[in-house]
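The values are calculated or read from the model by the stated rules, or taken from the named source; none is laboratory data. The shown structure was predicted, so the numbers you read here are calculated from the model rather than taken from an experiment. Cβ: placed from backbone, ideal geometry, glycine included. Neighbour counts: every protein chain shown. The accessibility values were calculated without ligands, DNA or RNA, using every heavy atom of the protein model including side chains. Shrake-Rupley method; radii C 1.70, N 1.55, O 1.52, S 1.80 Å.
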Amino acid sequence: MENDKNTFTITDNRTGASYTLPIVDGCIRAMDLRPIKVNPDDFGTMTYDPAFMNTASCRSAVTFIDGDKGVLWYRGYSIDQLAESCTFLEVAYLLINGELPTKDQYEEWRSHIVHHTLVHENIKSLMEGFRYDAHPMSMFVSAMAALSTFYPDSRKVRDARQRRLDIYRLIAKAPTIAAWSYRHSLGLPYVYPDNDLRYTANFMNMLWRKVEPKYVANPVLARALGILFILHADHEQNCSANTMRCVGSSETDPYVTTAAAAAALSGPLHGGANEAVLRMLNEIGSKDNVPAYVKSIKEGKGKLMGFGHRVYKNYDPRARIIKRTAEEVFDVTGKNPLLEIAIELERIALEDDYFIKRKLYPNVDFYSGIIYQAMGFSPSFFTVLFAIPRTVGWLAQWQELLEDKEQKIARPRQIYTGYSRREVVPMDQRGAEVAIPAAR
Ligand code: CMC
């Protein structure tokens with residue numbers, strides 16, 4: 001190792017000792033730092049990386065992002081080509097199995113998914129129990145977790161055949177549960193899946209069918225939804241994928257694990273941003289108010305929702321495809337008046353030093369909500385539309401985790417900043433040193 005150029009030599013100036021660490025794939029292993037200590041009783045050196053800014057937590061062959069170049073690939077295929085040439089179920093097959101399907105493989109895959117689109121009738125009763133104004137994402141998270149109660153065998157996560165069955169079930173049932181959460185918000189009866197229809201058209205059937213005997217989806221909208229699903233299907237180690245892996249590492253069943261990932265997605269800094277963008281555009285109200293709004297953001301009054309990304313420091317490639325898709329959707333639905341405000345906001349922000357210096361560009365959530373609203377969805381449903389396709393990515397990440405011999409239960413370290421040991425004082429002798437914040 002002494003002569004190997006793929007190493008770091010670290011000198012500990014506290015002791016003068018020198019250590020040689022291998023560099024593999026551009027990384028050093030944090031555990032290689034542990035032997036660096038001042039004396040034998042030391043715990044050893046750790047790395048400190050809040051929010052995982054510079055820490056790889058796994059090896060993955062699913063998705064590749066080059067944030068500086070604005071590149072996104074699933075299993076080596078560029079997102080532009082996949083969006084242009086494939087259906088969502090083909091891309092789902094690719095993410096889960098590693099290759100695009102042949103015709104026969106696709107038919108078999110589709111028939112497995114179709115076979116599992118129904119949910120147990122008790123899921124219906126569960127959903128009926130939610131309040132009329134329950135947030136659709138909260139219903140989605142709860143119902144996905146509840147699926148666990150129907151499939152106790154799903155706890156056998158080390159059994160590859162069992163895992164495969166649960167993967168079919170989750171991909172198949174996510175749209176059914178999502179559509180029912182939508183119908184619940186509107187007080188409409190739930191619609192059962194129509195397995196003659198393709199994945200997105202069937203989803204539209206469960207969303208929008210009224211009394212017609214057979215729902216016929218508008219092909220442009222069904223294709224646009226398919227493209228949006230493809231764009232949202234995976235995004236390597238983001239907050240929700242990391243949640244899927246972290247929770248899954250304790251060998252939880254995939255239903256509660258997916259529910260945990262969906263909960264992580266629901267926050268406004270992650271998938272909840274699409275809903276927040278719509279609220280922001282409504283608050284801005286008109287194109288003329290955009291400069292004042294941008295000024296307020298620069299003064300620290302909040303964030304420009306749908307802007308910025310931990311990884312992309314160039315344009316988010318998904319946003320570019322979404323912008324194109326928007327035009328096709330608007331030809332059918334008519335233009336969403338918020339588009340004008342969004343375009344002006346993007347124009348002004350991209351010319352502004354504050355955003356240029358910080359490399360803040362529109363992300364996937366900036367334009368998706370405008371399309372969803374034009375299609376007739378309310379903002380509270382947008383994140384559910386993100387969660388359906390992302391279920392596939394979560395499952396691909398989960399499967400990879402379970403097949404990775406290097407992985408163990410996730411358990412970070414901490415730097416303890418609290419008191420050193422102290423004695424308990426009887427209640428009548430304690431002072432009220434800490435003011436408890438009042439509840440709202
Ligand atoms: N508007 C205004 N300023 C911003 C924004 C924004 N949207 N995003 C980051 N900044 C500023 C931030 O205040 C900081 O400034 P300074 O250096 O002066 O302190 C600088 O840019 C670096 O930001 P950061 O917070 O260190 O960046 P991060 O990588 O931790 O956060 C992010 C990434 C996506 C959470 C953040 O950009 C953000 O909150 N954006 C708005 C929410 C959003 O659109 N989220 C969707 C992300 S894409 C889809 C998904 O993940 O689901």
Checklist entry - Has the range 8-16 got any residue that is of a type outside the set (A, V, I, L, M) and within 29 Å of S240 (Cβ to Cβ)? => result no
Item to check | Of the criteria (1) free of Cβ contacts under 8 Å to residues at least 60 places away in the same chain; (2) open to solvent by less than 20 Å² (accessible area, probe 1.4 Å); (3) near the ligand (Cβ under 10 Å from one of its atoms); (4) aliphatic (A, V, I, L, M), which one L269 fails | outcome: (2)
Checklist entry - Cβ-Cβ below 6 Å, separation at least six or inter-chain, first residue in the range 140-159 and free of Cβ contacts under 8 Å to residues at least 12 places away in the same chain, second aliphatic (A, V, I, L, M) and surrounded by fewer than 20 Cβ atoms within 10 Å (Cβ to Cβ): which pairs? => result none
Checklist outcome for this item: Only unsatisfied item for Y190, checking (1) touching a residue at least 40 places away in the same chain (Cβ under 8 Å); (2) crowded, with 20+ Cβ neighbours inside 10 Å, is (2)
Checklist outcome for this item: Flagged in the range 352-397 as among the charged types (D, E, K, R) and either open to solvent by less than 10 Å² (accessible area, probe 1.4 Å) or near the ligand (Cβ under 10 Å from one of its atoms) (or both), in numbering order, are K357, R358, K359, D365, R390
Item to check | Any pair with Cβ under 6 angstrom, 6 or more apart, that starts in the range 114-139 at a residue that is farther than 16 Å from F150 by Cα and ends at one that is of a type in the set (S, T, N, Q) | outcome: V114/N195; H135/S380; P136/S181; P136/S185; P136/S380; M137/S266; M137/T383; M139/S181
Checklist entry - Out of the residues in the range 246-266 that are farther than 30 Å from N336 by Cα and in contact with a Phe, Trp or Tyr (Cβ under 8 Å, 6 or more places away or on another chain), which is surrounded by the fewest Cβ atoms within 10 Å (Cβ to Cβ)? => result D253
Checklist entry - assigned by TED's automatic domain parsing to the domain that holds Q373, in a helix (DSSP H, G or I) and over 24 Å from the mean Cα position of the chain (by Cα), is that true of R223? => result no
Checklist entry - Is the range 201-217 home to any residue that is of a type in the set (S, T, N, Q), within 16 Å of the ligand (Cβ to nearest atom) and at pLDDT 95 or above? => result no
Checklist entry - Using beta carbons and a limit of 9 Å, which pairs, at least six apart or on different chains, have the first residue in the range 225-243 and touching a residue at least 24 places away in the same chain (Cβ under 8 Å) and near the ligand (Cβ under 9 Å from one of its atoms) and the second one open to solvent by 10 Å² or more (accessible area, probe 1.4 Å) and not in a loop (DSSP other than H, G, I, E, B)? => result H235/T63; H235/I65; N238/A264; C239/A264; S240/A260; S240/A263; S240/A264
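Open to solvent by 10 Å² or more (accessible area, probe 1.4 Å) and among the charged types (D, E, K, R): is that true of R413 in this structure?
Details: open to solvent by 10 Å² or more (accessible area, probe 1.4 Å): yes; among the charged types (D, E, K, R): yes.
When the stated conditions are applied, R413 passes them.
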Checklist entry - Looking at the range 127-152, which of its residues are open to solvent by 10 Å² or more (accessible area, probe 1.4 Å) and in contact with a helix residue (DSSP H, G or I) (Cβ under 6 Å, 6 or more places away or on another chain)? => result F130, H135, V141, A145, A146, S148
Item to check | Residues within the range 286-327 that are without any contact (Cβ under 8 Å) to a residue 12 or more places away in the chain, more than 9 Å from the ligand (Cβ to nearest atom) and open to solvent by less than 50 Å² (accessible area, probe 1.4 Å), tallied | outcome: 1
